[in-house]
Each structure stands twice: as structure tokens, then as C-alpha cells.
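Heads up, the thing below is written out as C-alpha cells.
Just so you know, all these numbers are worked out from the coordinates, no wet-lab data involved. Keep in mind it's a predicted model, so treat the numbers as computed, not measured. We place every Cβ from the backbone using ideal geometry, glycine too, and count neighbours over all the protein chains shown.
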Amino acid sequence: MDIRNIAIIAHVDHGKTTLVDVLLRQSGSFRENQQVAERAMDSGELERERGITILAKPTSVEWKGTRINIVDTPGHADFGGEVERILSMVDGVLLLVDAAEGAMPQTKFVTAKALKLGLRPIVVVNKVDKPEQRAYEVQDEVFDLFSALDANDQQLDFPTLFASAKNGWAAAEPEGPRDNMDVIFETILSHVPAPTIDEDSPFSMLAVTLESDPFLGRILTGRVATGIAKPNTTVKVLNREGKLVEQGRISKLLAFRGLERVPADEVRSGDLVAIAGLTKATVADTLCDPQIETPLHAQPVDPPTLAMT
Ligand code: GDP
């Protein structure tokens, strides 16, 4: 299956949760009987372990045969490296901006990082239904912000979509057509590159988020950089310096579907995965096949090195 991995950058209240809910519903990835209260990007229950923010689960929607994984970004970055790690899972960013408030300084840090990493932005000016909206002005402000952050020409040539997430539509103009969100899906497919896929090398993944589940224990989430993750296989954990943290077995492999995580038999290179079964592995560690010797880093993305056999 084709995959796109994107991050959403948005100031609080600009409509991220509403937008993701609508994308889930319109793509049919949101079951009718599913509790709307269980919202995709609700990050109210942030936990911390060793000073690392644990973010909300990625959301995954399917549109015309392509899986679009959407990851949340922290509103601000207190900890070095966290934003880079999150952005290392994606190939594009969607910057969501309120049509009245405009781009907020709090999102500048993450936007700057995304641009510096060469990610192509898609801008969604949301809440164009507001009487006080100033959609085109906000679009210009975003252009000025990107220029000030040294965006390259391709990044400055960003597509802008205008949306009323609350009313379930997005369009190329603030006036509409007010039909649906199709243009957002289409723009993600056309503007965000597919992830680099390498299914032939042994499994490797940089752990980006960590959470503690009462049944499964430690769950580490990341993008499968190389190879194929499978349950009941042995993985080695390397820290940033390449030291062995532990070796263990994947007791549960989870893929992302809609708002949920579902057990999977395999998750392939390019896709996001959550892995349980390890007891010491943490954020920024590399989970990999025992024959890999070199850890992955968020930036630059190093290919894994094989041990001599
Ligand atoms: P988040 O903090 O970015 O996740 O924002 P939410 O999705 O929770 O939305 C914040 C508020 O803005 C809620 O009251 C939404 O109903 C409202 N909202 C979201 N999208 C729109 C929109 O397109 N138009 C208007 N007028 N309000 C919206």
C-alpha cells in the first residue's frame, strides 16, 4: 500500500482536532459507532518519563488506497532533539493556521525545524467561516514567516488550502466550493513524497515516542526505517552512542488504523509502528535486527551498517 507520513503543526485551538476528526470521517476510517469523544489528537494526558514528553498516538487515515499517517508535533520544544525525532518520521508538514488569528509565534520553532529539514509544507488556513477571517492576509503572513525562516524556493511555493474544518470542507479559495475535504487528501498525495522504502535490509527503527501501557508495558513508536518488523522476533536496542541497551523479543506489534492501534503480523519499511516487549528501551534509542551495529539518528538519517558476518 502507498504511504504518506505527515506532521501537523498548529497553535492550540486553531482546529487540529476538528480537522483530523473530519479527515477520519470523510475517509471512512472512523467507524460510525466510534466515540467521537475519543479524539485523535487529544494530548491532554501527557505523561513524562525522564523529562521526555510523550505525545498523542499517530492517526492513520486511508484515502483511495493510500495510507496517510498523521503525527502530532509538540507546541513548543523544551527538550533538544524531540522535534527532530518526530519530524524524522514524516516527509511533509501541514501547517494549520486560524484565518483570523494568523500564524502564532509558538509554532515558529517547529516550523523552522521542519523547513530546515527540507520538508515541504502544505498550509491550511482554517476557520474561514469566521466573520473576522482575513484568509489572504494570513496566507501572506505565512509566506513572510517562511521567508524569514530561510525557506527554499520550493518551500515558498507552498500550496494553500482554505478550510472550515468545523463545517467539513476545504477548497483552493476561501469562498469554497464547500463540499468536502478531498482537496486536502489530494494535496497530501501530490505534494508529500512517499517515504523511502527499504524492505530488503534488516529491521531498524528510531524510537520516537514512549508510553507505558498497563497490559503491554513499554510501547515504543517510530517509523520502520529499514526491513520489516514482526512479532516474536528478537531485536537489539542501541542507544545514541551505539551501546547495547538490551536485547529482547517483540511481544506485540501494533499498526495504526484510524484512531486505534491494532495488532499486526508485520509492519514494513516506511510505515509507522508501535512495539511492546522491551523493558529498557527509550526514546532516541534504535530498535534493530541483532546484526545491525550502528544506531539511527534523527538528523541526518544514517543508513544502518551491517556487522561483518
Ligand atoms: P485544537 O486545539 O487545535 O485541536 O483545536 P480544536 O479542533 O479543538 O478546535 C478549537 C475550537 O475551534 C473548537 O471550539 C472548534 O469547534 C473550533 N473550530 C475548529 N474548526 C473551526 C472552523 O473551521 N471554524 C470555526 N468557526 N471554528 C472552528
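Length gained on full extension, E246 to D213, computed as 0.36 nm times the residue gap minus the Cα-Cα distance: 9.9 nm. A P(r) calculated from all alpha carbon pairs of region 103-248, with 5 Å bins opening at zero, reads 2, 8, 13, 14, 13, 12, 11, 11, 9, 5, 2, 0 percent.
Note on the chain: antiparallel DSSP beta bridges, both residues inside, total approximately 65 percent of the bridges counted. Placing R0 at 35 angstrom, the Cβ-Cβ distance between D182 and D157 gives a FRET efficiency of 0.95 after rounding to 0.05. Springs join every pair of Cα atoms under 10 Å in this Gaussian network model of the chain, and among F162, F109, F215 the largest mean-square fluctuation is at F215.
Report the FRET efficiency, 1/(1 + (r/R0)^6), for A194 and L149, where r is their Cβ-Cβ distance and R0 is 22 Å, rounded to 0.05. The formula returns an efficiency of 0.30 here. The label point for M1 and the one for E293, both projected 7 Å from the Cα toward the Cβ, are 3.7 nm apart. For region 182-228, the Cβ-based charge dipole about the Cα centre amounts to some 220 debye (Lys, Arg positive; Asp, Glu negative; other atoms uncharged).
For E137 and T282, a Förster radius of 51 Å and the Cβ-Cβ distance give a FRET efficiency of 0.70, rounded to the nearest 0.05. Taking every alpha-carbon pair within region 162-212, the share separated by more than 18 Å comes to 57 percent. The value obtained for region 187-309, namely the Cα convex hull volume divided by the number of residues, is 112 Å³ per residue.
All Cα-Cα separations within the chain were binned at 20 Å from zero, giving a P(r) of 34, 56, 9, 0, each value a whole percent of the pairs. Between A172 and D129, the modelled label-to-label distance comes to 2.4 nm, taking each label 7 Å out from Cα in the direction of the beta carbon. Where the convex hull is taken over the Cα atoms of region 202-251, what is its projected area averaged over directions, in nm²? One quarter of the hull surface, i.e. the mean projection, equals 3.7 nm².
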